[in-house]
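Following: one structure in structure tokens, then a few remarks.
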Amino acid sequence: MIHNLSGSQSIKIKPDNQVRSSERKIDPQFQSFMQEAIKETDSPSKAVTFSHHAQKRMNQHGFTLNERDMHLLEEAVETLEAKGSEQSLILYDDLALIASIKNKTVITALKSTEMNDVTNIDSAIQINGKR
């Protein structure tokens, strides 16, 4: 099909069913982005994240978590999620974490010896294992 624009130029337009797949170009960055998005929707993320406040508190107290610690924390969050928990206290040795289970996010962190009152939680779990 040929269209004439203002009488001087002609542009040849192919219907979509006549465009060869080799003529279609997909930006590699966009394709990578879409593949990651599909992966994320296909398998729910197990990763637990830390809020800015929780990260700051972890640093203040000198707490660091290794891969094994994160795995145990993720298992604890999965257990709490399966039981319908929403806001939980997670005790791990001398570390106390308050977490949003639905968002899989640690909201704050403190030394368990500094913990006096804990409010607005619906569950608690103790992780067995030494950091």
Which strands (runs of 3 or more DSSP E) sit wholly inside the range 58-131 and have at least 1 residues that are surrounded by fewer than 18 Cβ atoms within 10 Å (Cβ to Cβ) and among the aliphatic types (A, V, I, L, M)? 87-92, 105-111, 123-127
I'd like to know if the range 92-114 contains one or more residues that are more than 19 Å from the chain's Cα centre (by Cα), at positive phi and touching a residue at least 24 places away in the same chain (Cβ under 8 Å). yes
Can Ile38 be described as exposed (fewer than 11 other Cβ atoms within 10 Å of the Cβ), of a type in the set (A, V, I, L, M), at pLDDT below 95 and not in a loop (DSSP other than H, G, I, E, B)? yes
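The values are calculated or read from the model by the stated rules, or taken from the named source; none is laboratory data. Since we're looking at a predicted model, the values are computed, not measured. Positions of Cβ are backbone-derived with ideal geometry, glycine not excepted, and every protein chain shown enters the neighbour counts.
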